[in-house]
C-alpha cells in the first residue's frame with residue numbers, strides 16, 4: 001500500500017505540504033474535528049500560493065471532496081478520477097467518517113498487479 005495522508009483543516013499548511021512532498025503524494029483528504037471529509041488538499045494548488053507559511057490547511061483546500069464507500073469497484077473509481085480530476089478519493093465508513101483513501105497511483109498499481117489494499 002502507498003502512503004496516504006488524512007489531515008485536519010486546522011493544521012498548519014507548511015508541514016503538511018512538506019510531508020506530502022517527502023512522500024510523493026499529490027493530494028490529501030481534509031477532515032473536520034469529528035473525522036468528516038470537508039475538502040481536498042491538492043499539491044499543485046498549493047504551489048501557486050504565496051503565503052503558504054501562514055495558512056491553515058482549511059484555507060488552501062478545495063471544498064470538493066470525492067468519496068466512496070468501502071468496496072467500491074475499481075471501474076467506478078476510474079470514472080470518478082476521470083470526471084473530477086482530483087488525485088485522491090476518500091473512503092468512508094457507515095457513519096460518513098474518513099477511514100482511508102485511494103489515490104490514482106494506487107489504482108494504477110491495482111490495475112497492473114491486481115490487488116488494491118485499502119488500509120484502515
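So the values come out like this:
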read-out	value
DSSP-defined beta bridges in the chain - what % are antiparallel, rounded to 5	70
Taking all pairs of distinct alpha-carbon atoms in the chain, Kirkwood radius in angstrom	14.4
Value of relative contact order over the chain, rounded to a whole percent, pairs C-alpha under 8 Å and six or more apart	25
Listed residues 15, 73, 87, most fluctuating in the chain (Gaussian network, C-alpha, under 10 Å)	73
Region 3-53, relative contact order [Cα under 8 Å, separation at least 6], %	36
The chain: calculated mean residue ellipticity at 222 nm from DSSP helix runs of at least 4, using -39500 (n - 2.57)	-9500 deg cm²/dmol
Whole-Å distance, taken between Cα centres, linking region 62-79 and region 27-43	14
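Read-outs: derived from the displayed coordinates by stated rules, not from any lab. Owing to the predicted nature of the structure, the values given are computational and were not obtained by experimental measurement.
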